[in-house]
Amino acid sequence: MTKIFESPLYAYHRSPDQDAAVPVRHPVLIIGAGPVGLTTAIDLAQLGVPVVVLDDNDRVVTGSRAICFAKRPLEILDRLGCGQQMVDHGIGWSRGKVFSRDRAIYDFNLTDTPGHKRPAFINLQQYTFERLLVEKIRAMQAEGAPIEIRGCNKVEAIGQHYDHVTIEVDTPEGSYTLEADWLIACDGARSPTRRMLGIAFDGEVFEDNFLIADVVMQANFPTERWFWFDPPFNPGQSALLHKQPENVWRIDLQLGPDIDKEREKRPENVIPRLKAMLGEHVEFKLEWVSIYSFQCCRMERFVHGRTIFAGDAAHQVSPFGARGANSGLQDADNLSWKLHLILTGKAPNSLMESYHTERAEAADENILNSTRATEFITPKSDMSRLLRDAVLDLAADQEFARPLVNSGRLSTPCTYRNSPLISADALAGPALTCPGSPCPDAPLSEGHLLDKLGNRFILLTIDAEAPDAFEECGVRAERLALSVRDDPSLTLKRQYLGDCPAGVYLIRPDQYIAARRDSYDDRHFRAALRRATGKE
Amino acid sequence: MSDPLSKTLSEKLTLTPNFEDADAFFAALTQAHTGLTRAESDALNARLIFVLANHIGGSAALNTAIATAKAAHATA
Ligand SMILES: Cc1cc2nc3c(=O)[nH]c(=O)nc-3n(C[C@H](O)[C@H](O)[C@H](O)COP(=O)(O)OP(=O)(O)OC[C@H]3O[C@@H](n4cnc5c(N)ncnc54)[C@H](O)[C@@H]3O)c2cc1C
């Protein structure tokens, strides 16, 4: 198997900017071509904002990291026009098993929400995910989109100014200077940008080490997520087995604190561990081995002057529950339309503050969830282990105890409760779609609801009258007129109306609900649109 | 929608005497531990907490229960 991470995907080319007499000013520079930097770049370029991505490397992430991509990020990628590629390359899964010591204690089935286009999760290697994003960028470039990736461009210094940022970039042919109206730092958990600006990254550091092994095998394990607490082959620790595309399996073994990482990584030490887990007779090939430990940290503020932090650079969580890349993509989703409005003079710079408010709330929710899962999987005290084991023992016999078992809560999008952009609820509708929530999908006679929303403000009317469009302070909202009859499955009615006969929703470009009411009222929705764009 | 009044009631933790037969319960609980090692007893107690907690269910009542138990220890 040729390893994709060994070949350059965006090789270094000299840019005319390197020969410019004075530093060239760009509207937006993005540092980091990881999942978050690439997604942000695609989103901005599709809105017409010229964007340059700088990466210190020229290829996808080395080795194995994210594998689980959740529904909301897939919906975001659908909006960007590359969700289907991800789903085609990935594999779906919905079933799982939980083991405690030497027995299987229960099975679960994450049934997909009926009527939603995308499943709860797909598994796809991060390197494939990144490659598909780069392919999307290449396709956009071919159509003349204002988007560029510069490989082997390492950002070495940053200067913050009142209305722009200056950066010093090192390349194989020497360094050059660039300026940006806005800088987006998507440079990962160790963010050099954060370090160069001297900004803290506080939180909890966990001492446990985990061995990640990706193995290729023709085994007939089903496409399920198997999680072990305290298994005989890894006593006192945890283990995870999960399928990836192309007969690759992810194995994650907890090793505990104080280990010799270099020693544990050697194949002669890894292989016996895997044989103990998979069985002596199972044939496999090691594709990748690494050892990681993790932390749950976030920056206090995600926006510093003209520098915006997104993804792991802004917040980091433990991998349990697959929230890293999944939440980073939602940062991209939140930030792009706001920056677009600011750069086109349709919203004040202060709109960017709401990116911090909303995504910090999401980061806190993710950190809370992943810290709780970590505590359950790796109990920190004798008593927390005793309570954990009591739950596992009960869960084998008693269904009521199963919701207490926490091997990672699957990533779902955050409902923004503290956001200044959200208007008070004026519809006695379902809580699922209260203002501040992401739009749940629904099947229509042709296609799905989310596919009709796109990346602009939408006035969704369900069995209600309204103008075809309205404009407020330069921002336009276009009507999407639907009826409960458009969806015979009644998902639309169940999710958006409940017992109400009609409803009108103002939906943001990131498909979050800004306001809703039982009927259209011009003053109400104009105020809501001003509020949603930071003008109230 | 559930009746808001019954919801408040179910979230309220009973802290007035409520045992049908207090002596019998105490005896049954002690009896359940007979012959167990300390570790087995600790595990039994832990399982019992979860069985009872699930019966209560409501977060407010459970939080009151934890706070009540903690407070009694502090004044002991
Ligand atoms: C074992 C493991 C399993 C995981 N599983 C999941 C999962 O199942 N689901 C999930 O959602 N997440 C998962 N994650 C988390 C996920 O991998 C990260 O959250 C994700 O990679 C973050 O993306 P990012 O774009 O913010 O940063 P990164 O992917 O770290 O990208 C940062 C980029 O910035 C570049 N860069 C750094 N410094 C500079 C510089 N000075 N100049 C220019 N460029 C620079 C780097 O080269 C890199 O390309 C997992 C992580 C691990 C370790």
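The values are calculated or read from the model by the stated rules, or taken from the named source; none is laboratory data. As the structure is a prediction and not an experimental result, all values here were calculated from the model. Positions of Cβ are backbone-derived with ideal geometry, glycine not excepted, and every protein chain shown enters the neighbour counts. To get the accessible areas, we keep the full protein, side chains included, count just its heavy atoms, and leave off ligands, DNA and RNA. Shrake-Rupley method; radii C 1.70, N 1.55, O 1.52, S 1.80 Å.
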Quiz item: Cα-based Rg of the stretch A:130-278 per 2.2 N^0.38 Å, rounded to two decimals?
Solution: 1.50
Practice problem: For chain A, with all protein chains present and a 1.4 Å probe, just round the carbon and sulfur fraction of the accessible area to a whole percent. | Solution: 48
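Could you provide, to the nearest whole Å², the per residue accessible area of the protein assembly as shown with probe 1.4 Å?
Value returned for the protein assembly as shown: 45 Å² of accessible area per residue.
Out of all Cα-Cα pairs in chain A, roughly what percent, to the nearest whole number, are more than 33 Å apart? The partial results should precede the final answer.
Working: 62912 of 143380 pairs.
Roughly 44 percent, rounded to a whole number.
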Self-check item: Computed log₁₀ I(q)/I(0) - Debye formula, equal Cα scatterers, no solvent, the stretch A:431-532, q 0.11 Å⁻¹
Solution: -0.28
Quiz item: Please identify the GluC sites (Glu not before Pro) of the stretch A:230-308 that satisfy two criteria: DSSP loop assignment and at most 14 other Cβ atoms within 10 Å. Which are they?
Solution: A:246, A:280, A:283, A:300
Self-check item: Protein heavy-atom accessible area occluded, B/A pair - total, 1.4 Å probe, Å²
Solution: 700
Practice problem: Under 23 Å Cα to Cα from residue A:346, which lysines show up? Leave out anything in the same chain fewer than 8 places away. | Solution: A:338, A:535
Quiz item: Is it possible to state the helix-based mean residue ellipticity at 222 nm for the protein assembly as shown, with each DSSP H run of 4+ residues giving -39500 (n - 2.57), the sum divided by total residues, to the nearest 500 deg cm²/dmol? What is it?
Solution: -10500 deg cm²/dmol
Practice problem: Report P(r) for the stretch A:34-83: all Cα-Cα distances, bin width 5 Å, range 0 to the bin holding the largest distance, values in whole percent. | Solution: 5, 16, 25, 23, 20, 11, 1
Quiz item: With helices defined as uninterrupted DSSP H runs, which ones in chain A have an alpha carbon span along their own long axis of at least 27 Å and mean Kyte-Doolittle hydropathy of at least 1.0?
Solution: none
Self-check item: Förster-model FRET efficiency, 25 Å R0, residue A:110 and residue A:399, C-beta, rounded to 0.05
Solution: 0.95
Quiz prompt | Contact order normalised by residue count of chain A, Cα under 8 Å, 6+ apart, percent | solution = 15
Quiz item: If each of residue B:51 and residue A:344 carries a label point 7 Å out from its Cα toward its Cβ, how far apart are those two points in nm?
Solution: 6.4
Quiz item: What whole number of Å gives the distance from the Cα centroid of the stretch A:171-231 to the Cα centroid of the stretch A:419-451?
Solution: 32
Quiz prompt | Candidate lysines - alpha carbon under 24 Å from residue A:493, same-chain residues fewer than 8 apart omitted | solution = A:71, A:117, A:452
Quiz prompt | Part-to-part distance (alpha-carbon centres) for the stretch A:268-305 and the stretch A:468-536, which is given in Å | solution = 44
Quiz item: Hey, which aspartates and glutamates would be in cross-link range of residue A:380, C-alpha to C-alpha under 14 Å, not counting anything within fewer than 8 residues on its own chain?
Solution: A:204, A:207, A:208, A:389
Quiz prompt | Radius 13 Å from Cβ of residue A:461, net charge of other residues (Lys, Arg +1; Asp, Glu -1) | solution = -3
Exercise. Tell me the trypsin sites (Lys or Arg not before Pro) within the stretch A:387-494 that lie in a loop according to DSSP and have at most 13 other beta-carbon atoms within 10 Å.
Key: A:417
Quiz item: Percent relative contact order of the stretch A:203-294, based on C-alpha pairs within less than 8 angstrom and at least six residues apart?
Solution: 44
